[in-house]
Every structure is written in C-alpha cells, then in structure tokens.
2 protein chains.
Amino acid sequence: MNLLDTIDQPTLLVDESIVRQNISRMANRAQQNNVAFRPHFKTHQSAVVGEWFRDYGVTKITVSSVEMAEYYAQHGWDDITIAFSLNIRQLPRIHALAQRIKLGALVENVEEVQSLSTLKNCTVDVWVKIDVGNHRTGLDWADTKAVAALCSQIQKIPFLRLKGLLTHSGHTYKAQSHSEVCVLFREGIDRLTWLRGELEKFGIIVLKISVGDTPGCTLCEDWFGADEVRPGNFIFYDAQQYGAGVCRFEDIAAAVACPVVAKHPERSEVILYGGAIHLSKDYQMMGEEKSYGLPCLQEGERWGKPIPGALVKTLSQEHGVVMVPGGEFEKVKVGDLLFIIPAHSCLTVQVLRKYITWDGQKISTLNV
Amino acid sequence: MNLLDTIDQPTLLVDESIVRQNISRMANRAQQNNVAFRPHFKTHQSAVVGEWFRDYGVTKITVSSVEMAEYYAQHGWDDITIAFSLNIRQLPRIHALAQRIKLGALVENVEEVQSLSTLKNCTVDVWVKIDVGNHRTGLDWADTKAVAALCSQIQKIPFLRLKGLLTHSGHTYKAQSHSEVCVLFREGIDRLTWLRGELEKFGIIVLKISVGDTPGCTLCEDWFGADEVRPGNFIFYDAQQYGAGVCRFEDIAAAVACPVVAKHPERSEVILYGGAIHLSKDYQMMGEEKSYGLPCLQEGERWGKPIPGALVKTLSQEHGVVMVPGGEFEKVKVGDLLFIIPAHSCLTVQVLRKYITWDGQKISTLNV
C-alpha cells in the first residue's frame with residue numbers, strides 16, 4: 001500500500017527535497033551577500049525540520065514566541081532571536097532562556113526596557129524594532145529622537161547588549177508586482193541605514209541591521225546594507241506567495257491531502273473533508289473571488305498542477321467547498337484525495353500541528 | 001496571586017456558570033417541545049465539558065468527525081451521530097466505532113451507502129442529509145425521487161437502520177434579523193416534514209426529523225415538527241452570535257485573555273500578543289469594517305463589557321492589532337490583559353486546544 005492510500009483524513013504533506021532546495025537557495029544567497037542568515041522557524045515549527053537547516057550551515061534562528069524559543073532551546077538551538085515585541089508578562093521565562101542560551105529580544109517602548117532592567121545574572125541581545133512602512137509594530141524609522149532615547153536607555157543597562165535595528169517589511173506581502181516588492185525591500189534597508197547614520201550623531205554606534213520577509217528575500221538578489229536576514233515562509237511557500245509571483249509552483253513544498261466526500265454537479269462543487277480547522281481561514285484573491293487555497297488533482301503518487309479555474313470557495317469547521325469548473329469536474333470522484341496548496345502555509349501548519357514527508361516520516365511540531 | 005495575574009500568554013477563559021446556564025436553557029426548551037436533545041460537541045471539544053452536559057440529562061451527542069467520535073467514545077459516550085457526510089476512506093474506523101457504540105452516520109450519495117454495505121457484525125443508524133437551503137451538502141429537499149432512491153438503497157441493507165432526514169440550516173448564520181432566523185428555521189422543519197410526507201408515497205415511513213443550528217434553536221421557541229435538535233455553538237456563543245442578536249452579551253461564556261505588548265497612540269492602536277494562531281482568522285463585520293473579535297477591558301477579576309467602538313483590526317500569526325478609540329485608549333497599559341471575545345468560538349477552541357475556568361481548572365480537548 002502506498003502512502004496516499006493510507007491517508008483517511010486531512011493530512012499535510014511536505015516534500016523534503018523541495019524544502020532542502022528552498023533552504024539551500026536562501027542560504028547561498030545570504031553567503032553571496034555576506035549577510036548572516038537567521039531563518040525564521042515559525043513556519044515549519046518543527047525540531048526535525050530545524051535539523052535539516054543545519055546541513056546548510058544554519059546555527060542561529062528566529063522564532064515568534066517565548067514558547068517557540070523554549071521548544072527550540074530544548075532541541076539544541078543556542079542562539080535564538082524572539083522576533084516579537086517583548087511581552088513583559090513573560091519576563092521570568094525570558095530570564096530563564098537568557099541564562100541558558102544567547103537570546104535576542106525586541107523592544108519598542110520604555111516599559112519593555114524597564115522590565116528587562118530587572119533581570120539578573122544574564123545578558124540579553126536587544127534589537128530595537130523599527131517600523132519602515134508596515135505600520136504594525138515598532139518605532140517610526142524617521143523618529144530619530146525616539147529611537148535614540150530608547151537606545152540610550154538600553155545602553156545604560158550593563159547586561160543588555162544593544163545589537164541594532166530590526167524591521168519586518170510585512171507590507172511586501174501586499175505588493176502588486178515583483179518590482180514593488182524590491183522597491184519596498186530596498187527602502188526598508190535604506191531607511192534603517194539612514195537611521196543608523198543619524199543615531200551616530202547621538203553617539204550610538206556600530207548598530208547592526210536585521211531585515212527579512214520572504215517576498216523581499218526571494219525576489220531581490222541585492223541585500224546590500226543588511227547585516228542579517230530572517231525569512232521564514234520560503235521553506236514551504238504557499239498559494240499566496242505563488243499567486244503573488246514570489247515563487248514558482250515547483251517551489252511549493254506543502255499541500256493538504258483532503259478526502260472527497262460528495263459532489264454537487266448542479267453547482268459544480270466538490271465537498272471535501274478539509275475545513276477551517278485543517279487549512280485555516282486565511283485566503284487569497286483569485287480574480288474577484290476569495291479562495292482558501294489552490295486545489296490540485298492527484299497525479300501519480302503526488303499532487304499535480306492546480307486545476308484550472310478551481311477554487312476553495314468556502315470553509316466551515318470541517319467542510320471545504322471546492323468549485324471545480326466544467327471538464328475537470330468529472331475527474332474528481334467521491335473517495336479520491338484532492339490536494340489543497342494552503343493559502344498561508346504558516347497557519348496551516350499551526351492548525352494541523354503535524355505533517356508527513358513522502359517517505360512516510362511523521363513530523364511533529366511544538367504543538368504536538 | 002489571582003488567576004489573571006498568572007496569565008502570561010494568550011489564554012482562553014471559560015465561565016462554567018454561564019456554560020451551565022446555556023446548557024440548561026437549551027435542554028429545558030427541548031423538553032418543553034418534547035424533542036430529543038443531541039447537542040453538538042464540536043464547539044467545546046472537551047471530555048470534561050461533556051460531563052457537565054450529563055447534569056442536564058444529555059445522553060446522546062453529535063460530533064463532526066470520526067476522530068471526535070473516537071475521542072468521546074473513549075470518554076464513555078455510547079450514542080453518537082457523526083454529523084458529517086460519511087468519508088469512505090475512514091470506513092475501517094467507522095466500522096470499529098459501530099461495533100462499540102450506537103453510531104449515527106450521514107449519507108447523501110450512493111458511493112457512501114455502497115461503502116457502508118460492506119460492513120459486517122454491526123448496525124449503523126443512517127440519516128439522509130438534506131439541503132433545505134444552505135447549499136453546502138445534502139440532497140435537495142425538493143428532489144423527492146433522489147431521496148426516495150437513496151432511502152430505498154439503505155433499506156435494502158439489513159444492518160443499516162434508516163433513521164430519518166437530517167439538515168443543518170447553516171444559512172441562519174447569515175440571516176439579518178431575529179425574524180429571518182425563525183422563518184428559515186421553521187422553513188427547514190416544514191420542508192423536511194413535507195419531504196417525509198412525499199416519501200411515504202414511496203413506502204418509506206416513520207422517518208425522524210433532525211435539525212439544529214444555534215441561531216434557530218436559540219431564537220425560535222417553537223420546534224414543532226422536529227424530533228431531534230443538534231445545536232453546538234450555544235454553549236459558548238461568541239461575537240458573531242452576539243453581533244447578530246442571537247445571544248445577549250451575558251450569555252457569552254468564552255474570551256481570550258491577551259497580553260498588551262505595545263501601544264501606538266498616533267494610530268490609536270494597541271498591539272496584543274494574540275494573533276491568528278490564538279483567535280483564528282474568522283471575523284465579523286462591525287459596520288463597514290472587519291473585526292476578528294470583540295475587545296473588552298479587564299473589570300475586576302473578569303472581562304468587562306466591550307470597549308465602545310474598539311475592534312480587532314488585523315491579525316498576523318502572533319500579533320493582534322486592536323483599534324481602541326479616543327477616551328478608552330488611555331485605559332490600556334503595556335502589560336495589561338485585554339480580553340477578546342472570539343468572532344467564532346468553535347475555531348478559537350480548535351486553535352488554542354485548551355482552556356481554563358475561573359476556578360483555575362485546566363480543560364483539555366481532543367487535540368491536546
């Protein structure tokens with residue numbers, strides 16, 4: 001019995017060889033640019049997949065929560081940046097981590113620095129979170145005074161090492177073209193470089209610049225000015241990244257195999273066992289319509305190309321309704337598997353919490 | 001130290017006394033209507049909370065997956081309907097369940113019945129899934145011939161007990177008013193009643209009618225014609241149900257406590273540790289804008305009323321951006337907890353997978 005025949009419920013499949021190509025490509029580009037590569041591990045969330053990165057020279061990583069830092073510290077990673085504004089309610093856990101590993105923290109306000117100043121018997125690498133245009137978190141890149149004040153506050157505390165300026169150009173995810181992504185990516189590095197120059201006038205020197213979003217790091221070959229990059233999603237990519245032209249279809253490393261439970265020819269709809277709790281409720285626009293992923297037929301023993309014109313129209317808790325147009329509809333049978341390339345692979349990993357590779361290896365994440 | 005002081009990351013809090021009121025009210029209404037009460041357990045997903053139902057006389061339940069049926073069977077439930085179109089790839093697990101408990105299955109096509117016909121040494125209660133207007137799954141209520149054909153096919157198989165006609169009027173969730181919900185709820189029962197009458201002409205008799213959606217069962221007191229109801233969400237309700245006028249604010253039994261990590265006065269935005277992996281990406285409309293839940297301040301040792309005009313504007317993987325208008329903004333401090341009433345409590349339970357009650361009891365679900 002082959003692997004796909006054993007699948008009886010929505011199951012995330014990951015292609016290890018594609019994952020390794022994606023890691024290798026990004027690691028090489030970092031090396032060519034002489035930029036430190038600190039990949040974000042929030043997409044795969046797995047200790048096993050983390051080990052794959054070591055084969056490409058990765059020794060330092062980025063995570064998005066204290067919980068994730070604890071998980072990877074338990075699995076042998078000793079240089080971890082928590083790329084999330086420091087949560088002062090978690091200070092005891094941050095303290096415990098800082099005593100154990102080389103820990104990087106992000107701050108953007110005085111409360112956070114005051115909180116860190118109460119720690120003892122540890123050192124913490126501190127990055128100031130800068131907003132270069134995404135407008136989610138961070139101090140505005142043009143507000144030199146505010147950034148200088150925060151840097152000075154950090155520098156007064158002996159065991160805090162002010163490392164530099166960090167940003168996430170999350171607005172590249174909304175860019176409409178390849179060139180717009182590169183303009184925003186470059187703009188982010190340039191704004192941090194300018195800010196670093198301004199801060200030197202306040203006596204704040206030798207700051208590093210850390211950037212990193214998958215669209216920018218994938219599409220823009222020139223990383224000049226950055227000291228460190230932190231992309232994460234590139235390991236799997238997904239339908240959003242493919243739809244935005246960031247990756248090729250053959251770069252996508254993850255899909256959810258979903259059993260077909262019913263068909264409604266009068267609406268050209270296929271009903272999947274595969275809903276919001278398997279795919280997440282993230283979506284992309286396909287023309288004027290939302291789609292919660294990209295439906296593909298099985299081809300041989302893996303997923304094939306996207307079904308032309310098909311989309312995941314609605315998701316409820318367990319059901320997915322897939323519109324499959326005209327000539328393709330008859331190819332789908334009750335009891336088949338349909339493969340859905342997730343709209344957003346990070347969230348799909350989080351809802352399913354585990355996945356398998358083509359050789360049947362079961363991969364757990366921090367949530368299993 | 002009180003309970004809330006111990007919370008350092010996004011945490012789902014459930015008010016047991018409100019849950020019990022909600023169960024009691026629904027169980028009483030079922031009794032008054034002389035209708036069997038088979039609550040859907042997909043919202044709370046917990047064996048512990050399942051036990052609370054027993055105090056109100058509940059002995060039979062509804063679930064949304066084979067996995068969930070297995071979980072509750074392990075926890076002592078022996079009369080379970082899987083309210084999801086039978087997935088023929090899971091037939092061995094369905095068989096194992098049917099040999100162990102009184103199992104109800106839903107069918108809507110010949111492939112499913114053929115698949116069931118291969119079982120041995122068990123009996124299965126079979127419900128034909130009917131579409132009364134939701135247009136997700138099921139045979140059209142007006143297509144008497146198709147329903148009669150499927151019923152006849154079922155009746156030919158000795159160990160399948162044709163139980164009746166089952167529908168989920170999921171379109172009540174989109175209704176614009178109390179009266180529209182009741183019109184749709186009544187219409188669903190009436191269409192099944194009509195269909196049952198038509199089927200008698202084909203010699204198919206004594207069919208039961210099973211309905212059940214939270215808006216209908218909550219707002220409509222008259223359940224005449226139904227033999228069984230299966231609401232689920234009513235146990236917790238949520239911001240969608242509150243926003244639609246289905247429940248009162250004081251009927252909501254669940255909220256996610258999220259640490260405040262930053263504030264951006266220039267945008268009137270509060271940044272939470274609390275994102276898509278804690279709340280899910282479901283949302284409701286608040287006027288013209290999306291909101292991924294309903295933000296409330298802490299009041300004493302619990303959540304207070306919704307902050308007037310506030311909304312959860314965006315969610316990324318771990319971050320929530322909450323817009324808190326004018327005079328309320330200053331009440332929120334970095335390090336505080338903000339409570340978010342989930343837009344859709346079923347999905348929030350699924351992403352967080354565990355919760356706590358006010359007395360500190362930790363409640364696990366099938367996914368932990």
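The values are calculated or read from the model by the stated rules, or taken from the named source; none is laboratory data. Since we're looking at a predicted model, the values are computed, not measured. Backbone-built Cβ (ideal geometry, glycine too); neighbour counts: all protein chains shown.
One table, with the values for the structure above:
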| quantity | calculated |
| --- | --- |
| Residues of the stretch B:186-231 classified as of a type outside the set (S, T, N, Q) and outside any helix (DSSP H, G or I), total | 24 |
| Wholly enclosed strands (runs of 3 or more DSSP E) of the stretch A:43-141 bearing at least 2 residues away from chain B (no Cβ under 13 Å) | A:79-85, A:102-107, A:124-131 |
| Filtered residues of the stretch B:1-24 (kept if more than 10 Å from chain A (Cβ to nearest Cβ) and assigned to a loop (DSSP other than H, G, I, E, B)) | B:Met1, B:Asn2, B:Leu3, B:Asp15 |
| So B:Lys102, is it among the charged types (D, E, K, R), surrounded by fewer than 22 Cβ atoms within 10 Å (Cβ to Cβ) and more than 30 Å from B:Asp222 (Cβ to Cβ) | no |
| Test for A:His319: is it closer than 28 Å to A:Thr43 by Cα and within 10 Å of chain B (Cβ to nearest Cβ) | yes |
| Selection from the stretch B:31-42 of residues that are part of a loop (DSSP other than H, G, I, E, B) and more than 17 Å from B:Ala105 (Cα to Cα) | B:Asn33, B:Asn34, B:Val35 |
| Criterion (under 16 Å from the mean Cα position of the chain (by Cα), modelled with pLDDT of 95 or more and within 18 Å of B:Ala226 (Cα to Cα)) met by exactly one of B:Ile23, B:Ile61, B:Ile82 | B:Ile61 |
| Candidate set: the stretch B:292-304, residues that are away from chain A (no Cβ under 11 Å) and either of a type in the set (Val, Ile, Thr) or assigned to a loop (DSSP other than H, G, I, E, B) (or both); chosen: the one farthest from A:Gly275 (Cα to Cα) | B:Gly300 |
| Qualifying residue in the stretch A:161-173 (condition: at pLDDT below 95 and farther than 30 Å from A:Thr365 by Cα) | no |
| Test: residue in the stretch A:21-28 that is outside the structural domain of A:Arg302 (by TED's automatic domain parsing), buried (at least 16 other Cβ atoms within 10 Å of the Cβ) and in contact with a strand residue (DSSP E or B) (Cβ under 8 Å, 6 or more places away or on another chain) | yes |
| Number of the exception - B:Tyr242 against (1) among the hydroxyl-bearing types (Ser, Thr, Tyr); (2) over 30 Å from B:Asp190 (Cα atoms); (3) surrounded by fewer than 24 Cβ atoms within 10 Å (Cβ to Cβ) | (2) |
| Selection count where residues are part of a loop (DSSP other than H, G, I, E, B) and touching a Leu at 6+ places or on another chain (Cβ under 8 Å), scope the stretch B:316-330 | 1 |
| Failed item in (1) in a loop (DSSP other than H, G, I, E, B); (2) surrounded by fewer than 18 Cβ atoms within 10 Å (Cβ to Cβ), with A:Tyr237 passing the rest | (2) |
| Of the criteria (1) buried (at least 19 other Cβ atoms within 10 Å of the Cβ); (2) more than 17 Å from B:Ala253 (Cβ to Cβ), which one B:Gln31 fails | (1) |
| Residue in the stretch B:228-237 that is at pLDDT 95 or above and closer than 18 Å to B:Val312 by Cβ present | yes |
| Selected residue (only one of B:Ala36, B:Ala47 is surrounded by fewer than 23 Cβ atoms within 10 Å (Cβ to Cβ), touching a residue at least 24 places away in the same chain (Cβ under 8 Å), hydrophobic (A, V, I, L, M, F, W, C) and touching an Asp or Glu at 6+ places or on another chain (Cβ under 8 Å)) | B:Ala36 |
| Unique match (being part of a loop (DSSP other than H, G, I, E, B) and either at pLDDT 95 or above or within 10 Å of another protein chain (Cβ to nearest Cβ) (or both)) among A:Lys313, A:Lys333 | A:Lys333 |
| Subset of the stretch B:54-92 (residues that are polar (S, T, N, Q) and surrounded by 18 or more Cβ atoms within 10 Å (Cβ to Cβ)) | B:Thr62, B:Ser64, B:Ser65, B:Thr81, B:Ser85, B:Asn87, B:Gln90 |
| Residues of the stretch B:186-230 classified as on the phi < 0 side of the Ramachandran plot, buried (at least 19 other Cβ atoms within 10 Å of the Cβ) and among the small types (Gly, Ala, Ser), total | 4 |
| Top-ranked residue of the stretch A:245-285 - restricted to ones that are surrounded by fewer than 17 Cβ atoms within 10 Å (Cβ to Cβ) and away from chain B (no Cβ under 14 Å), ranked as farthest from A:Lys174 (Cα to Cα) | A:Glu250 |
| Search result, residues across the stretch A:166-185 that are away from chain B (no Cβ under 14 Å), surrounded by fewer than 19 Cβ atoms within 10 Å (Cβ to Cβ) and in a helix (DSSP H, G or I) | A:His178, A:Ser179, A:Glu180, A:Cys182, A:Val183 |
| Counted residues, the stretch B:337-368 - those being part of a strand (DSSP E or B) and either touching a His at 6+ places or on another chain (Cβ under 6 Å) or over 23 Å from B:Gly245 (Cα atoms) (or both) | 9 |
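Each row is one residue, and each column tells you yes or no for (1) of a type in the set (Lys, Arg); (2) touching a residue at least 40 places away in the same chain (Cβ under 8 Å); (3) in contact with a Phe, Trp or Tyr (Cβ under 8 Å, 6 or more places away or on another chain); (4) not in a strand (DSSP E or B).
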site	(1), (2), (3), (4)
B:Tyr242	no, yes, yes, yes
B:Lys263	yes, yes, yes, no
B:Ile271	no, yes, no, no
B:Asp282	no, yes, yes, yes
B:Lys290	yes, no, yes, no
